[in-house]
Structure formats: C-alpha cells, structure tokens
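Please read the structure below before turning to the comments.
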Amino acid sequence: MTVIDIPGSKSVTARALFLAAAADGTTTLLRPLHSDDTEGFTKGLTRLGYEVVREPDRWHIEGRPSGPAAADAEVHCRDGATTARFLPTLAAAAASGTYRFDASAQMRRRPLAPLTEALRTLGVDLRHDGVEGHHPLTIQASGVKGGGLTLDAGESSQYLTALLMLGPLTAEGLRIEVTELVSAPYVEITLAMMRGFGVEVVREGNTFTVPPGGYRATTYAIEPDASTASYFFAAAALTGREVTVPGLGTGALQGDLRFTEVLRRMGADVRTTSDSTTVRSDGRLAGLTVNMRDISDTMPTLAAIAPYASSPVRIEDVANTRVKECDRLEACAQNLRSMGITVRTGPDWIEIHPGTPRPTEIATHGDHRIVMSFAVAGLRTPGMSYDDPGCVRKTFPRFHEEFAAFVERSSAGE
C-alpha cells in the first residue's frame, strides 16, 4: 500500500482566504495550498491592503470587517477563477474605494455575468471595461445594503459562493433564490466554512438566507484537495495497485471525494475511514453511465481512464465543463481521438469506447486538469507527452515529480 500526501484543497484555501480577510481578528490557515492560483489570491489581498504573512505550513491573515485598507487598487487575478470571482465581491463591500480587476487571457474568456449582474442588483457600481460580462472590470465601492435577489448558478456554483460569503458584510443580509445550481457539493463546502467562521446560513430548498453581522477569526486547517486526489485514486484503479490518502475521510468537506464511488462502480475496492480513503484494484475496470454534474472537475480523470474499461463509459450532465479553463469536454474528446479511441459527444455528455490507446502529444489547452488526467492514462500507455506540461503550476506545481515518485513507490510495493 502506498500512502500519498495530497496538497491542500484549492477550493477550501480560496474560501478560507476570503473569510479570513472579512473576519474580525487574525486568522491562521494550516497547510494551505501553495500554487499559482493561491499565490495570485494572496497577492490580490495584499494589493487591496490586507496584511498576509505566509509561512511554509501556515498563513496569517489580519481581517478587516470594514473592507480593504487600500482606497484605490489594481488587482490582476491571473488564471484563478476563485480569485477573479471572489475578490471583486469582497471589494464591493468596502464603504468606499475604487478597485480595478483584470485577469489572464484565459480567465478573460470565462463568464462572470450572473455574478456581476447580481452585484449590480444589490446596488454595486460595477463596470465591465472590455467585453460585457467578462474581465476586466471596475468597482466603485460604497458598501452593500443587501436584500433579495434571484441567481442562476447553473454555469458555476462560484457565483453563489461569492454572494453567500458577501452576505454577512452587507447591512441587511441577503436572501438568495437560486433557479439553477451546478456542482452543489461546493456550496456545501461554503456553508460549512462560513459556519466555522461564525455565520450560520439558513437554507430552505434553493433559497439561502444569510444574516448580517460579520465573521470571527479562527485557526482553520485546510484539508487535502479531493480533485487532485482523484488522479492517484484513478492510478491505483487502472494499474491494480493500492493507495491511501490521509486527511480525506468520512468527514471531508469536498464532494469530489465521491469520485471514489465511481471507481467502486467500475470494480475498485474503496475503503473510507474517519480520516483517510483507500482505493485498491486488480486493474480490471467495467464501463458505466454516470452523472457527474456535481463532481465535474473529476470528469477528465474518468475520461482519461475510460478507454481501458471493458465496455463504454458515458459521462452525462457536464455542460459546465465547457466553460472551465478550456472546453474540457471537447479537450478530452480531442485527445482521446488522437490516441485512436472512438468518442462520441453531445452538448453535455461524452461517450468513450474501449480500445488500445496509442501514445500521443496531449493538447493541454493550458489546463492543469487535462495534463494530470492524461498522466494517469500514461501509466498504461507509455510515451505520452504534453504541449504545456508546466500548466500544472496552477494547483499542483510539483505534480510531475510527485506523480513519478508515487509510481516508483507503488511499483516497489511500498
């Protein structure tokens, strides 16, 4: 059995940074994720005037319930979707100030309109400086009164998360009625973390009521990233090995741990304890049809190992993967076809047939998850390469080294 330590969750780290910045007092984050995305988030907070002290295994954030200390700031959000969506929402709560946000060309293409329209509904003076509904944008902050709004979060649950976290910073709180919601487990992460910072959100169906009043600083431990763990779980299932990931057990916040249930349906043995998850397999995988709407970040992981199953793998209800760092559904289809695999696609589904993959250069589209997913396929199809292997720096800068070490250790039976 091989035990692998997975870096901290990107999603949890980003939420924790927002909540810590908004809290009254100094928050300490334990084992936060060190990556390009989280570095961009902390630098954005610093540009806004928040005090952030980064140590190797813990970060300290001095909260400012009144909002950014800087009265005027320019923030570059890099490739980070959470950075690009959460930081403007945080800045909007300031009593006064002018804040300009921009992002990479990749992030400029990704949509913001449902979130920015919701902020405008709440009275925020927000202007898109280029294409409407996209970065760059400027906020002329004057505080947020709060009230009620209707939100379509069918494209990204991050829109809802940003507004939920804003709620306690408003004068009257928020009441959000959600018409469509994707990746619902990520919203559960948000609600649990807000509770950890002293705010209880009331949920009645798809209506969320957030009280005003602010957050309390705390010491918060960041759990390992379940999306990143999916590559190691899939590797064990594909190659007939066994891997244990500590820190992801029955109490884990992240819904992407449910990817192990997909592997169980394909024939892997999965054991989850209070503080760890283990996947073991004999290397034989069965095909299946699976709805991955709520765990869509792991769709590329499944797509990459699907050709090695004994029957077709059909992944459904993943339209939102088309508006991630790239069109992930099409990127998976393109690369699988390049490997000689028969693939069918529709607006929100992909069907992958068994075959004998041949090595190819993976077109990454600058997307970290495409690289890491097809690295797993490379365990059964040696000779794979990538046109941009370094894009893993977004969430796991040392992925290639750690994955190679994992393969060596598991091959040796450690």
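The values are calculated or read from the model by the stated rules, or taken from the named source; none is laboratory data. Since the model is a prediction, treat every value here as computed from it, not as a measurement. So basically every Cβ, Gly included, is an ideal-geometry build from the backbone, and we count neighbours across all protein chains shown. Surface accessibility is based on the protein's heavy atoms, side chains included, excluding ligands, DNA and RNA. Shrake-Rupley method; radii C 1.70, N 1.55, O 1.52, S 1.80 Å.
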Could you list, in sequence order, the residues of the stretch 211-245 that are charged (D, E, K, R) and farther than 14 Å from ASP269 by Cβ?
ARG216, GLU223, ASP225
Taking into account only those residues within the stretch 310-328 that are within 18 Å of GLY287 (Cβ to Cβ) and open to solvent by less than 10 Å² (accessible area, probe 1.4 Å), which is farthest from the chain's Cα centre (by Cα)?
VAL313
Quick check on my filter: what residues within the stretch 329-350 are outside any strand (DSSP E or B) and open to solvent by 10 Å² or more (accessible area, probe 1.4 Å)?
GLU330, GLN334, ARG337, SER338, GLY340, THR342, PRO347, ASP348
Can you pull out the residues in the stretch 264-280 that are closer than 12 Å to ALA235 by Cα and open to solvent by 60 Å² or more (accessible area, probe 1.4 Å)?
ARG280
Flagged in the stretch 405-414 as open to solvent by less than 70 Å² (accessible area, probe 1.4 Å) and in contact with a helix residue (DSSP H, G or I) (Cβ under 9 Å, 6 or more places away or on another chain), in numbering order, are PHE406, VAL407, SER410
Give me a count of the residues in the stretch 30-48 that are within 18 Å of the chain's Cα centre (by Cα) and either of a type in the set (A, V, I, L, M, F, W, C) or in a strand (DSSP E or B) (or both).
2
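Please enumerate the residues belonging to the stretch 147-164 that are among the small types (Gly, Ala, Ser) and open to solvent by less than 20 Å² (accessible area, probe 1.4 Å). Steps first, answer last, please.
Here is the first cut: in the stretch 147-164, the ones among the small types (Gly, Ala, Ser) are 147-148, 153-154, 156-157, 162.
Passing the criteria: ALA153, SER156, SER157, ALA162.
Conditions (1) of a type in the set (Lys, Arg); (2) open to solvent by 30 Å² or more (accessible area, probe 1.4 Å); (3) under 27 Å from VAL3 (Cα atoms); (4) assigned to a loop (DSSP other than H, G, I, E, B), marked per residue:
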position	(1), (2), (3), (4)
MET194	no, no, no, no
ALA229	no, no, yes, no
ASP256	no, no, yes, no
ASP282	no, yes, yes, yes
ALA303	no, no, yes, no
Would you be able to tell me the number of residues in the stretch 380-401 that are over 15 Å from HIS368 (Cα atoms) and in contact (Cβ under 8 Å) with a residue 24 or more places away in the chain?
4
Selection within the stretch 380-397 - part of a loop (DSSP other than H, G, I, E, B) and either in contact with a Gly (Cβ under 6 Å, 6 or more places away or on another chain) or surrounded by 14 or more Cβ atoms within 10 Å (Cβ to Cβ) (or both)
ARG380, THR381, MET384, ASP388, THR395, PHE396, PRO397
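For the stretch 196-210, which residues satisfy the criterion of being in contact (Cβ under 8 Å) with a residue 12 or more places away in the chain and either open to solvent by 10 Å² or more (accessible area, probe 1.4 Å) or part of a loop (DSSP other than H, G, I, E, B) (or both)?
From the stretch 196-210, those in contact (Cβ under 8 Å) with a residue 12 or more places away in the chain are 196-199, 201, 203, 206-210; that's our starting set.
The answer is GLY196, PHE197, GLY198, VAL199, VAL201, ARG203, ASN206, THR207, THR209.
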Got at least one residue in the stretch 61-70 being over 21 Å from the mean Cα position of the chain (by Cα) and in a helix (DSSP H, G or I)?
no
So, in the stretch 8-24, how many residues would count as being part of a helix (DSSP H, G or I) and open to solvent by less than 10 Å² (accessible area, probe 1.4 Å)?
11
Here are some conditions: (1) surrounded by 20 or more Cβ atoms within 10 Å (Cβ to Cβ); (2) part of a loop (DSSP other than H, G, I, E, B). THR298 meets all but one. Which one does it not meet?
(2)
Residues that are at pLDDT 95 or above and closer than 22 Å to SER411 by Cα: does the stretch 314-326 have at least one?
no
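Would you pick out the residues in the stretch 107-146 that are in a helix (DSSP H, G or I) and open to solvent by less than 20 Å² (accessible area, probe 1.4 Å)? Steps first, answer last, please.
The first filter runs over the stretch 107-146 and keeps only residues in a helix (DSSP H, G or I), leaving 107-109, 113-121.
MET107, LEU115, THR116, ALA118, LEU119, listed by residue number.
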Cross-chain or 6+ apart pairs with Cβ under 7 Å, the stretch 289-302 first and farther than 12 Å from MET266 by Cβ, then among the acidic types (Asp, Glu):
ASN291/GLU316; ASN291/ASP317; MET292/ASP317; ARG293/ASP317; ILE295/ASP256; ASP297/ASP256; THR298/ASP256
Out of the stretch 45-99, which residues are open to solvent by 20 Å² or more (accessible area, probe 1.4 Å), closer than 23 Å to GLU223 by Cβ and basic (Lys, Arg)?
ARG54, ARG58
With the condition kept exactly as written, say whether any residue in the stretch 25-41 is open to solvent by 10 Å² or more (accessible area, probe 1.4 Å), modelled with pLDDT of 95 or more, more than 19 Å from LYS394 (Cα to Cα) and not polar (S, T, N, Q).
yes
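Name every residue in the stretch 305-326 that is among the small types (Gly, Ala, Ser) and touching a strand residue (DSSP E or B) at 6+ places or on another chain (Cβ under 9 Å), in order of residue number.
Kept after step one, since they are among the small types (Gly, Ala, Ser), are these residues of the stretch 305-326: 306, 309-311, 319.
Within the stretch 305-326, ALA306, ALA309, SER311, ALA319 qualify.
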Determine whether THR260 is surrounded by 15 or more Cβ atoms within 10 Å (Cβ to Cβ), hydroxyl-bearing (Ser, Thr, Tyr), in contact with a strand residue (DSSP E or B) (Cβ under 8 Å, 6 or more places away or on another chain) and part of a helix (DSSP H, G or I).
yes
